[in-house]
Amino acid sequence: MSDRTHEPTGLSSSSGDHIPSLQSLRGIASITVLLRHYVRCFPGGETFWLAYQNIFLNSQAAVVVFFVLSGFVLSPSLFRKSISVSGLAGFYVRRFFRIVPLLAVVTALSLIYVKSSFSTWDVPFTNSWFAGLLPHGVPLSASILARCFVGMNSALVPQNWTIACELLVALILPFLVKACTGRFWLAALTFVIAAVLSFIAADGGGKSLPVVYAVDFVVGILTFRILQSHDKRYSDLFFYAAVIGLVGAWKIVEVVTGQVDPPFNDPFRSLVEAIFAAVIIYGLATKSHMSRLLSVRWLVWLGDISFGIYLVHFLVIVIVARLMTSFLLPYSLPVQAFLMLVPVLAISLVASYFSFRFIEIPFNDFGKSLQRRVRTALPRG
């Protein structure tokens with residue numbers, strides 16, 4: 001969700017050049033999440049055209065794409081490398097500085113917002129779901145606040161559960177890459193164990209979500225392994241079929257299981273979405289026709305700032321809604337929703353661009369530098 005998408009080893013990993021189309025995919029996923037959350041803020045947003053939302057604004061599938069991409073793009077730096085104390089420490093340091101600095105800034109801004117009287121302003125044209133976003137005076141003990149700043153609590157950044165998945169799975173990711181890029185039987189066994197654990201942990205609540213979604217990272221790693229072994233393009237028809245499968249995975253799960261509107265953390269749905277996401281990622285990484293179409297500059301730029309979009313959009317929505325309330329009241333609900341969407345998108349994009357330039361890039365560079373120092377200072381064995 002927060003990585004530059006680098007070329008796999010077989011496609012010039014040493015150069016460090018990112019795959020533009022995969023970066024664009026990340027940007028599309030982040031905008032999908034923003035729009036789905038935005039629609040849910042208005043009366044009827046929870047039910048109105050829900051089936052169409054599940055297809056065209058499938059935020060659950062977008063999150064799965066983030067996880068599969070993380071497994072895929074982090075694999076080159078760990079592929080066919082022995083596990084060492086210095087290597088592990090360096091990987092953890094770089095991952096921390098890639099994710100946490102911007103998260104800490106957004107958390108601090110959210111804290112200021114919920115403590116201010118501004119967060120009490122009434123927004124009559126929204127619904128109860130909106131009212132639950134960053135509510136005024138949300139209880140924040142020192143422990144909760146500390147966990148918010150490192151992504152382990154969602155009180156100030158509602159999407160922090162995904163950050164927790166990224167950070168906690170990162171702790172074992174080097175070992176997963178080692179297992180998945182070794183012998184075939186070991187890779188298959190790793191996938192089976194991760195899949196089984198996702199089903200076992202499905203009813204464990206929020207704390208079990210990293211276990212539920214760890215299999216998505218494994219699918220990303222296996223996609224990288226397949227790309228290294230074959231690197232063959234498939235027909236664009238497979239790509240289009242995978243896109244349809246990804247956005248319609250919720251319906252596939254409904255038909256197979258008979259469960260109407262499965263929950264977002266349904267392990268079967270997540271696994272189906274991960275497999276379709278893997279097919280899409282493979283197709284884009286092998287320079288297909290769609291890869292060229294998605295490599296346009298503005299989409300790649302959207303991917304560059306996607307982490308900021310993902311983190312900041314809730315805060316932007318609640319602030320814009322309160323600032324525009326008096327202006328929007330005379331209009332009908334559809335007009336209100338449209339007029340408010342324009343500044344929400346504009347502010348989210350601008351804020352994400354500046355956070356990318358002045359927070360993400362500097363701290364990512366610092367993390368790389370610190371990683372080199374750690375690798376030099378610590379033993380390799």
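When residues in region 215-235 are screened for being in a helix (DSSP H, G or I), at pLDDT below 90 and in contact with a Pro (Cβ under 9 Å, 6 or more places away or on another chain), 1 of them pass.
Just to check your reading of the model, which residue among V320, V374 is more than 30 Å from F238 (Cα to Cα), without any contact (Cβ under 8 Å) to a residue 40 or more places away in the chain and in contact with a helix residue (DSSP H, G or I) (Cβ under 7 Å, 6 or more places away or on another chain)?
V320
Once region 253-306 is narrowed to residues that are open to solvent by 20 Å² or more (accessible area, probe 1.4 Å) and among the small types (G, A, S), the residue that is farthest from the chain's Cα centre (by Cα) is G258. Filtering region 236-252 to residues that are at pLDDT 80 or above and open to solvent by 50 Å² or more (accessible area, probe 1.4 Å) leaves L237, F238, Y240, A241, V243, I244, I252. Among all residues of region 323-337, there is none that is surrounded by 18 or more Cβ atoms within 10 Å (Cβ to Cβ) and under 22 Å from the mean Cα position of the chain (by Cα). Pairs are defined by a Cβ separation below 8 Å, a sequence spacing of at least 6 or placement on different chains, a first member in region 192-205 that is open to solvent by 80 Å² or more (accessible area, probe 1.4 Å), and a second member that is modelled with pLDDT under 95 and in a helix (DSSP H, G or I); the pairs so defined are F199/P267; F199/F268. Just the residues that are among the aliphatic types (A, V, I, L, M), part of a helix (DSSP H, G or I) and surrounded by fewer than 18 Cβ atoms within 10 Å (Cβ to Cβ), please, taken from region 360-381. Across region 360-381, the qualifying residues are I361, L370, A377. What's the total number of residues in region 176-190 that are open to solvent by 60 Å² or more (accessible area, probe 1.4 Å) and touching a residue at least 12 places away in the same chain (Cβ under 8 Å)? Residues flagged as open to solvent by 60 Å² or more (accessible area, probe 1.4 Å) and touching a residue at least 12 places away in the same chain (Cβ under 8 Å) within region 176-190 amount to 1. Being in contact with a Gly (Cβ under 8 Å, 6 or more places away or on another chain), modelled with pLDDT of 95 or more and surrounded by 14 or more Cβ atoms within 10 Å (Cβ to Cβ): is that true of F96 here? For F96, the condition - in contact with a Gly (Cβ under 8 Å, 6 or more places away or on another chain), modelled with pLDDT of 95 or more and surrounded by 14 or more Cβ atoms within 10 Å (Cβ to Cβ) - is met. Scanning region 56-84 for residues that are among the aromatic types (F, W, Y), buried (at least 19 other Cβ atoms within 10 Å of the Cβ) and either outside any helix (DSSP H, G or I) or at pLDDT below 95 (or both) returns a single hit, F79. Looking at region 85-92, can you tell me whether even one residue there is surrounded by 21 or more Cβ atoms within 10 Å (Cβ to Cβ), assigned to a helix (DSSP H, G or I) and more than 16 Å from the chain's Cα centre (by Cα)? Yes, the conditions are met somewhere in region 85-92.
Filtered by the rule that a residue be surrounded by fewer than 15 Cβ atoms within 10 Å (Cβ to Cβ) and among the hydroxyl-bearing types (S, T, Y), region 99-145 gives S116, S117, T120, S128, S141, S143.
The values are calculated or read from the model by the stated rules, or taken from the named source; none is laboratory data. In this text the structure is predicted, and so the values were computed from the model without any measurement. Cβ coordinates were reconstructed from backbone atoms using ideal geometry, including for glycine residues, and neighbour counts include every protein chain displayed. Areas reflect the complete protein model, heavy atoms only, side chains present, ligands, DNA and RNA absent. Shrake-Rupley method; radii C 1.70, N 1.55, O 1.52, S 1.80 Å.
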